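What follows is a single structure, written as structure tokens, with notes after it.
Please treat every number below as a calculation from the coordinates, not as lab data. Keep in mind it's a predicted model, so treat the numbers as computed, not measured. As a convention, Cβ positions derive from the backbone with ideal geometry for all residues, glycine included, and neighbour counts pool all protein chains shown.
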Amino acid sequence: MGTLLIVKDGTFYKWARFQCPCGCGQKQVISLQSNHNPHWSIYERNGTITLQPSVHVNGQGGCGAHFFVRNNKIDWV
């Protein structure tokens, strides 16, 4: 997948940052904060990361990639 950076404040998850795994180079910043809309949930287990729900890269210049991050791997939709 590449590098997935998780931004935390103590034990509070704030953001996930990564480049689109399709190779387009677009940087993604998704909120892990439940008071933001939209936001994603993060699950850490045995050194692996899973994000819910899926990530859809869109917006200005977005490539349209759609995928899940499950156990540190990309599952394309």
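By how many nm would the segment from residue 48 to residue 75 grow when fully extended, if each residue of separation counts as 0.36 nm and the alpha-carbon distance is taken off?
Values: separation 27, 0.36 × 27 = 9.72 nm, distance 1.43 nm.
Between residue 48 and residue 75, full extension yields an extra 8.3 nm.
Quick one: if you stick a label point 7 Å off each Cα along the C-beta vector at residue 9 and residue 39, how many nm between them?
1.1 nm
What is the set of long-range amide H partners of residue 40 at a cut-off below 5 Å, with H atoms built 1.01 Å from backbone N?
Those lying under 5 Å, H to H, from residue 40 are 31, 32, 33.
How big is the Kirkwood radius of the chain, worked out from every pair of different alpha carbons and given in Å to one decimal? Please report the intermediate quantities before stating the final value.
Working: mean 1/r = 0.0782 Å⁻¹.
So the Kirkwood estimate lands at 12.8 Å.
For the stretch 15-30, take each phi angle, set θ = phi - 60°, evaluate the Karplus expression 6.51 cos²θ - 1.76 cosθ + 1.60, and give the result in whole Hz per residue in order, putting x for glycine and proline.
9, 10, 10, 6, 8, 3, x, 6, x, 5, x, 5, 7, 10, 10, 10
Counting only C-alpha contacts under 8 Å and six or more residues apart, can you give the relative contact order of the chain as a whole percent?
On the way: 134 pairs, mean separation 14.6, N = 77.
The value is 19 percent.
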